[in-house]
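A short worksheet on the structure shown next.
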Amino acid sequence: MSTTAPAPGASESTLETHGLEPVPEAERTASTRGLFPTWVAANISVLLLTMGASLVVTYRLNLWQALVVAAVAPAVSFGLVGLVGIAGKRGGAPGMALSRAVFGQRGNLLPGALIWIARWGWETINAVTGAYAVLTVLDILFGVSGSTPLVVVTLLLFVAATFAISGLGINAVQRCNKYATYLFAVFSVLVLVHLLVSTDWGAVLDRPAGSLPMMVTGIGLVAAGGISWVPSAPDFTRYLPRAASSRAVVGHSVGGAGVVVLPMVLMGAVMAVGTPDLASAADPVSFLGEILPLWIAVPYLLIALVGMLLINAMSMYSAGFTAQTLGFKVPRHWAVSVNAVISLVLGGVLMLAATSFMGSFIAFLSLLAVAFSAWAGVFGADMLRRREYDAAALLDTTRTSAYWYRGGFGPAAVAAWALGLGSGLLFTASEWFTGPLATGNPVGEYGLGWVATIVISFLLYTVLPKPAVAVARGRTARGGEPPARPGT
């Protein structure tokens, strides 16, 4: 079942017209069960196999330790996704619109801009991976080599397909997610059969155990991708009725992610015993196309392509809302086009000029998680004191807004966000950036700078003095319909 239901009398293919404004109560007829395929599709990524290989090759964990990492990481990261998603059913608006109630109308531009920029990198990584999948299938089936013009064409087609799905809106995204879940199930059976037959299980099970710190490293690596979805969580729960079960929101979020992350990370760990180069392949997609038999390589690459396409569609869908909160006075589906163009340009640079795809990816993940975690800590702390949102105030960006606070800024939120972000970077180590407190400190050295960021932001916002929670002015986001505004 989809996470959303179309407006009365509309078909699932209808273009979504809602922007930042809260969804009216009459249209909030979705089911929490629809969150399961949402977060399944958000995790169908070939890069999870490479992460699993890294647990064995780089961090030297054995299969049982990799199992613990693969179970804990999605439980932690998508547990946060589910908890923040509760705000979506409370307010009926996208996450970065609800964020105005916390940071203030102007203050929200600070985390909004950083999150929007961070999404450029996330969407670029996914676009490149999807384009690599297309190139590898063409090479396997037709012997077509990846020339520069072909690289550009495949990347362009991938980004265009992503824009088409995300531009149509939530109904198109969720319908594709449902079918992708079925495809993933079939793919998992194929890979499982191959691994059961071809794996030297003695070599897999006899590996010595790695250190506990390296297990913590692995959890941070695998969880970082899930953390990037936290600010987007309300975007996919805003069509739920307020009475929907909060426990179900969290449960389906963790469950949908877990059924993908757990097996794919484990499959990567098993495959790496025989092919350790998987952990460091410059192009992990074509590398997997070489080591898998043809009968599984082509289906695998196709599902990888579908997965990357849907992950990017979901990311661009949310990025359209973020662009609107930053002041782009255009409908949501056109706001999406900005990210599409950016990912096309950056993707071309990465495919044609970068020398280490996986090195760039892991370095990017560590910084991405910190950027998203600072917002998550503040917003999560605010959820403990706020149960509803003023729909009119969310859309009123003038001084008359109940969320204007002091000069348009929520001082406690902005301060907690900035200090949490800065502190987290001090504890973060990556290929591109190493904070002064990262080395010799288990929080940063082992890839959990984002944990420090969330904790510091959360605690600071909790203790700092805050303005009183705004009382809704007649019509709240509980279901009222505020006046339509341009660009919303």
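Residue check: is Ala42 of a type in the set (A, V, I, L, M, F, W, C), more than 28 Å from Asp396 (Cβ to Cβ), touching a residue at least 12 places away in the same chain (Cβ under 8 Å) and open to solvent by less than 20 Å² (accessible area, probe 1.4 Å)? Even if it seems obvious, please write down each step before you answer.
Values: of a type in the set (A, V, I, L, M, F, W, C): yes; more than 28 Å from Asp396 (Cβ to Cβ): yes; touching a residue at least 12 places away in the same chain (Cβ under 8 Å): yes; open to solvent by less than 20 Å² (accessible area, probe 1.4 Å): yes.
Considered against the rule, which asks whether it is of a type in the set (A, V, I, L, M, F, W, C), more than 28 Å from Asp396 (Cβ to Cβ), touching a residue at least 12 places away in the same chain (Cβ under 8 Å) and open to solvent by less than 20 Å² (accessible area, probe 1.4 Å), Ala42 comes out as yes.
Would you please name the residue that is nearest to Gln324 (Cα to Cα), looking only at residues in segment 113-155 that are buried (at least 19 other Cβ atoms within 10 Å of the Cβ) and among the polar types (S, T, N, Q)?
To start, the set of residues in segment 113-155 that are buried (at least 19 other Cβ atoms within 10 Å of the Cβ) comprises 115-116, 118-119, 121-137, 151, 154-155.
Imposing the further condition that a residue be among the polar types (S, T, N, Q) reduces the set to 124, 126, 129, 136, 154.
Values: Thr124: 20, Asn126: 23, Thr129: 28, Thr136: 37, Thr154: 29 Å.
Here the answer is Thr124.
Are any residues in segment 410-427 open to solvent by 10 Å² or more (accessible area, probe 1.4 Å) and either part of a helix (DSSP H, G or I) or at pLDDT 95 or above (or both), and if so, which ones?
Residues of segment 410-427 open to solvent by 10 Å² or more (accessible area, probe 1.4 Å): 411, 414-415, 417-419, 421-423, 425-427.
Once the filter is applied, which keeps residues that are open to solvent by 10 Å² or more (accessible area, probe 1.4 Å) and either part of a helix (DSSP H, G or I) or at pLDDT 95 or above (or both), segment 410-427 yields Pro411, Val414, Ala415, Trp417, Ala418, Leu419, Leu421, Gly422, Ser423, Leu425, Leu426.
Restricting to segment 363-394, what's the tally of residues that are open to solvent by less than 10 Å² (accessible area, probe 1.4 Å), more than 30 Å from Trp432 (Cβ to Cβ) and outside any loop (DSSP other than H, G, I, E, B)?
Result for segment 363-394: 4.
Could you identify the single residue in Trp201, Trp229 that is closer than 16 Å to Met271 by Cβ and aromatic (Phe, Trp, Tyr)?
Details: Trp229 fails: closer than 16 Å to Met271 by Cβ.
Among Trp201, Trp229, only Trp201 is closer than 16 Å to Met271 by Cβ and aromatic (Phe, Trp, Tyr).
Show the residue pairs that are 6+ apart or on different chains and have beta-carbon atoms under 8 Å apart, the first residue being within segment 101-130 and farther than 23 Å from Leu157 by Cα, the second being open to solvent by 20 Å² or more (accessible area, probe 1.4 Å) and charged (D, E, K, R).
Gly104/Arg406
Anything in segment 215-274 that is open to solvent by 40 Å² or more (accessible area, probe 1.4 Å), of a type in the set (Gly, Ala, Ser) and part of a loop (DSSP other than H, G, I, E, B)? List them, or say none.
Ala243, Ser245
For segment 154-163, give me each residue that is of a type outside the set (Val, Ile, Thr) and under 13 Å from Ser315 (Cα atoms). It would help to see each step written out before you state the result.
Step one: list which residues in segment 154-163 are of a type outside the set (Val, Ile, Thr), which gives 155-158, 160-161, 163.
Within segment 154-163, just Phe163 meets the criteria.
Among the residues of segment 161-191, count how many are over 28 Å from Glu27 (Cα atoms) and either in contact with a Cys (Cβ under 6 Å, 6 or more places away or on another chain) or in contact (Cβ under 8 Å) with a residue 24 or more places away in the chain (or both). Break it down into steps so the answer makes sense when it comes.
Residues of segment 161-191 over 28 Å from Glu27 (Cα atoms): 183-191.
Next, only the ones that are either in contact with a Cys (Cβ under 6 Å, 6 or more places away or on another chain) or in contact (Cβ under 8 Å) with a residue 24 or more places away in the chain (or both) stay: 183-184, 186-188, 190-191.
Looking only at that region, the number is 7.
Does any residue of segment 428-450 turn out to be assigned to a loop (DSSP other than H, G, I, E, B), touching an Asp or Glu at 6+ places or on another chain (Cβ under 7 Å), of a type in the set (Gly, Ala, Ser) and modelled with pLDDT under 90? Before the answer, list the steps.
Residues of segment 428-450 assigned to a loop (DSSP other than H, G, I, E, B): 428, 430-433, 435-441, 446-448.
Filter again for touching an Asp or Glu at 6+ places or on another chain (Cβ under 7 Å), leaving 438-439.
Among the residues that remain, those that are also of a type in the set (Gly, Ala, Ser) are: 438.
Next, from what is left, pick out any that are modelled with pLDDT under 90: 438.
Scanning segment 428-450 turns up at least one residue that is assigned to a loop (DSSP other than H, G, I, E, B), touching an Asp or Glu at 6+ places or on another chain (Cβ under 7 Å), of a type in the set (Gly, Ala, Ser) and modelled with pLDDT under 90.
For segment 84-95, which residues satisfy the criterion of being in a helix (DSSP H, G or I), touching a helix residue (DSSP H, G or I) at 6+ places or on another chain (Cβ under 6 Å) and more than 10 Å from Phe379 (Cα to Cα)? Break it down into steps so the answer makes sense when it comes.
So in segment 84-95, the residues in a helix (DSSP H, G or I) come out as 84-91, 95.
Filter once more, keeping what is touching a helix residue (DSSP H, G or I) at 6+ places or on another chain (Cβ under 6 Å): 84-88, 91, 95.
Of everything in segment 84-95, those that are in a helix (DSSP H, G or I), touching a helix residue (DSSP H, G or I) at 6+ places or on another chain (Cβ under 6 Å) and more than 10 Å from Phe379 (Cα to Cα) turn out to be Gly85, Ile86, Gly88, Gly91.
Checking Asp200 against (1) touching a Lys or Arg at 6+ places or on another chain (Cβ under 9 Å); (2) open to solvent by 90 Å² or more (accessible area, probe 1.4 Å), which single condition isn't satisfied?
(1)
Yes or no, residue by residue, for (1) open to solvent by less than 20 Å² (accessible area, probe 1.4 Å); (2) out of contact with any Leu (no Cβ under 9 Å at 6 or more places or on another chain):
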site	(1), (2)
Pro22	yes, no
Glu27	no, yes
Leu61	yes, no
Val69	yes, no
Val72	no, yes
Ala87	yes, no
Arg90	no, no
Met96	yes, no
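What are the residue pairs meeting all of these: first residue in segment 403-424, first residue in contact (Cβ under 8 Å) with a residue 40 or more places away in the chain, second residue of a type in the set (D, E, K, R) and outside any loop (DSSP other than H, G, I, E, B), Cβ atoms under 6 Å, and 6 or more apart or on different chains?
Listed pairs, sorted by first residue: Tyr403/Arg100.
Do we have Ala304 as touching a helix residue (DSSP H, G or I) at 6+ places or on another chain (Cβ under 7 Å), modelled with pLDDT under 80 and in a helix (DSSP H, G or I) here?
Values: touching a helix residue (DSSP H, G or I) at 6+ places or on another chain (Cβ under 7 Å): yes; modelled with pLDDT under 80: yes; in a helix (DSSP H, G or I): yes.
Here the answer is yes, as Ala304 does meet what is asked.
Pairs, please: C-beta under 6 Å, at least 6 apart or cross-chain, first residue under 24 Å from Ile296 (Cβ atoms) and in segment 134-158, second β-branched (Val, Ile, Thr) and at pLDDT below 80?
Short answer, once both residue conditions are applied: Thr136/Val285; Leu138/Val144.
For segment 164-175, check the following and say yes or no: at least one residue is charged (D, E, K, R) and more than 16 Å from Glu16 (Cα to Cα).
Let us first name the residues in segment 164-175 that are charged (D, E, K, R), namely 175.
Those still in the list that are more than 16 Å from Glu16 (Cα to Cα) too: none.
No, segment 164-175 contains no residue that is charged (D, E, K, R) and more than 16 Å from Glu16 (Cα to Cα).
Which of the residues belonging to segment 166-175 are more than 16 Å from Val338 (Cβ to Cβ) and open to solvent by less than 50 Å² (accessible area, probe 1.4 Å)? Give the derivation first.
Filtering segment 166-175 for residues more than 16 Å from Val338 (Cβ to Cβ) gives 168-175.
Once the filter is applied, which keeps residues that are more than 16 Å from Val338 (Cβ to Cβ) and open to solvent by less than 50 Å² (accessible area, probe 1.4 Å), segment 166-175 yields Gly169, Ile170, Asn171, Ala172, Val173, Gln174.
The values are calculated or read from the model by the stated rules, or taken from the named source; none is laboratory data. All values derive from a computational prediction rather than experimental measurement. Here Cβ is always computed from backbone atoms with ideal geometry, including for glycine, and neighbour counts include all displayed protein chains. All accessible areas refer to the heavy atoms of the entire protein, side chains included, with ligands and DNA or RNA removed. Shrake-Rupley method; radii C 1.70, N 1.55, O 1.52, S 1.80 Å.
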